[in-house]
Amino acid sequence: MGIKWRHWTLPAAPLAVVLLAATGCTSTPDAPTKPTGRPSTSGAHSKAVARMCAKPAAGPAKAPAGAVTVDPAVVGDLAKKTRSNPPKTTFWLRPGKHKLEPDRYSQVMTKKGNRYLGAPGAVLDGRKTNNYAFSGTAPDVTIRYLTVQGFVAPHDEGVVNHDMADGWVIEHTKIQHNSGAGLMAGARQQVRASCLRNNGQYGMNAYKTDDSIKGLVVEGNEIVGNNTGDWERKRPGCGCTGGIKFWAVNGAEIRGNWVHDNRGAGLWADNNNNDFRIEDNVIEANDGVAVMYETSYNAVIRNNTIRRNNWVEGRKAAKKGDNFPYATIYISEAGGEPRIRARTDKIEISRNVLENNWNGITLWENADRFCNSPANTSTGYCTLLVKNTKRCARPGITKAPLYADCRWKTQRVDIHDNRFVLDTSVVKCKTECGRMAVLSNYGTYPKWSPYKGKRVAEAITHKQRNRWHDNAYRGPWSFVPTDTDQNLDSGQWQSTPYRQDAGSTFAPQAGD
């Protein structure tokens, strides 16, 4: 059965998971044993998830007709046979552990249209010696039914599709226990029904040096336990960890995935991403934010089950006395922009279940972060509306259109028909973990900034068409508008001057 709220019904399982169920590749998550203070993955709203790490689909037991057989007993056989055969060759890897030559730069240099199929039990093992598994700029490569593990890619680099080639298809594949990112991305890449597990930095780093990733599909995968290297501790504030990090991706389908227990953010879209659909996922028990959409544009976040996220990072900040509402869905300098082509002209967050997370949704805009400002951590980048950073300077930035267009603006965010549940006895907190927020800081920097004072705080709160409505709240929720000094109850939130959450319902206890 679905969960009925108002006049519509939330599906009990995402379409991608329903399709995968026919192959026996899904399961309701168990409640694994956790270290003290970490969340469990069980919950009242459990639904089927893509359990790809424990129950992967098996590859062909015999070599397909015309395939080149790869022998695990011959070190370097896969790389050698790839070199000696033409493009569009199919390779079938026998059962067993396949190895590359024992040199850090030994790798498989792919050719256009190559297909790599693993037999049941086929593993490509880097033995903590090789940096990369599959490399090269050849497009349209396919990898299926293979385990890729034990590679040691450097920081910010990846093991599979190291050179970010276009059109790759990764299906029914385990990419696990590697350093760096398990997987890089190119345009039109499809990652389906795979396990991205326990990689040192990211499960996937969707970044390409020329910012040309378009049409990315991530569907029906399990993305778990990534950032084993704890990079945020090694490089505080690097923003360089999580289940998946997206950078300058235009057009993405992120659906039907189980994103859980990552040591940082679950899904993080950072810098000039556009036209995302994040739907029908189960996102739970990540140390940090479940979904972060930062300095980006136009997205739909809907029909997701989001639970027990941000317990580690949220609690850590609260213990330090930091009263910022670090959130489970965090929209940071991102919004809808009709002038940028996409399937929507806003950020729509709807029909999600958010249960027992550390805080809810925060809409944030840093008054000091804009093109050509030293506070812009995306160094050298400008908005998609003003690509030449040098234009964002006085006197032009003080008036239209540059006054608006030199900023990534948190605007046109529509939050509706969601269910927010908070049981503080489960989360083990008092008041600091149950907040919704729309706010900014007091603008101070740099000296020539035209955004000083409360200008941005007033704009994000009252003028940029950010709206909550028709939601259901269960538990002790409070609301933070304009700045962190505000903390309102539901009546104040719904009243003048904020007028938020029209049509919403509020119950003081999570079970009401």
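The values are calculated or read from the model by the stated rules, or taken from the named source; none is laboratory data. Worth saying up front: this structure is predicted, and the values here are computed from it rather than measured. Every residue, glycine as well, gets a Cβ built from its backbone with ideal geometry; the counts of neighbours run over all protein chains shown. Protein only, heavy atoms only, side chains kept; ligands, DNA and RNA dropped before computing areas. Shrake-Rupley method; radii C 1.70, N 1.55, O 1.52, S 1.80 Å.
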**Report entry** Mean Cα-pair separation over length for the stretch 147-254, i.e. relative contact order, pairs under 8 Å, 6 or more apart, %
**Finding:** 24 percent
Query raised in the report: Taking the Cα centre of the stretch 325-418 as the origin and placing charges on Cβ (Lys, Arg +1; Asp, Glu -1), which of Thr379, Ile329, Asn418 is farthest toward the positive end of the dipole?
Result: Thr379
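Ignoring ligands, DNA and RNA, how do Phe324, Phe479 rank by accessible area with a 1.4 Å probe, largest first? Intermediate results must be reported in sequence, preceding the final value.
Values: Phe324 30, Phe479 0 Å².
Accessible-area ranking of Phe324, Phe479, largest first: Phe324, Phe479.
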**Report entry** Accessible area, probe 1.4 Å, largest first, for residues Trp168, Trp448
**Finding:** Trp448, Trp168
Requested in this report: Please report, as a whole percent, how much of the solvent-accessible surface of the chain comes from carbon and sulfur atoms (probe radius 1.4 Å).
Outcome: 50 percent
Report summary line: 1/(1 + (r/R0)^6) with r = Cβ-Cβ of Ala393 and Gln492, R0 = 56 Å, i.e. FRET efficiency to nearest 0.05, evaluates to 0.90
Report summary line: Probe 1.4 Å, heavy atoms of protein chains only: per residue, the accessible area of the chain in Å² is 39 Å²
Report summary line: Once all protein chains are kept in place, Tyr498 shows an accessible area at probe 1.4 Å, nearest 10 Å², of 50 Å²
Report summary line: For Glu348 the rounded accessible area (nearest 10 Å², probe 1.4 Å, non-protein molecules ignored) is 40 Å²
Requested in this report: Quick one: P(r) of the stretch 115-223 from all Cα-Cα pairs, 10 Å bins, percents rounded to integers, in order of increasing distance.
Outcome: 17, 54, 27, 1
Report task. Give me the percent of DSSP beta bridges within the chain that run antiparallel, rounded to the nearest 5. Result -> 5 percent
Requested in this report: Calculate the dipole size of the chain relative to its Cα centre from +1 charges on Lys and Arg beta carbons and -1 charges on Asp and Glu beta carbons; express the result in debye to the nearest 20.
Outcome: 600 debye
**Report entry** Largest-first ellipsoid semi-axes for the stretch 160-265, taking √(5λ) over the Cα gyration tensor eigenvalues, angstrom
**Finding:** 20, 16, 12
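Can you give the local net charge around Thr129? Use residues other than it whose beta-carbon is closer than 10 angstrom to its beta-carbon, Lys and Arg +1, Asp and Glu -1. Before the final figure, lay out each step's value.
Details: positive: Lys99, Arg104, Arg127, Lys128; negative: Glu101, Asp103, Asp125.
So the surrounding residues net to +1.
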Query - Calculated SAXS-style log₁₀ I(q)/I(0) at q = 0.12, 0.17 Å⁻¹ - the stretch 381-447, Debye, Cα scatterers - result: -0.58, -0.79
Query - Residue-level accessible surface for Asp140, protein heavy atoms, 1.4 Å, Å² - result: 60 Å²
Requested in this report: Can you spot the lysines whose alpha carbon is less than 18 Å from Lys88's alpha carbon? Ignore those fewer than 8 places along the same chain.
Outcome: Lys80, Lys111, Lys112
Query raised in the report: So how compact is the chain: Cα radius of gyration and Dmax in angstrom?
Result: 23.3, 74
Query - Flagged links, alpha-carbon separation over 21 Å, of Lys316/Lys463; Lys316/Lys428; Lys208/Lys409; Lys99/Lys208 - result: Lys316/Lys463; Lys208/Lys409; Lys99/Lys208
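Going by accessible area, probe 1.4 Å, with all protein chains left in place, what is the ranking of Val152, Val160, largest first?
Numbers: Val152 40, Val160 0 Å².
These residues rank, largest area first, as Val152, Val160.
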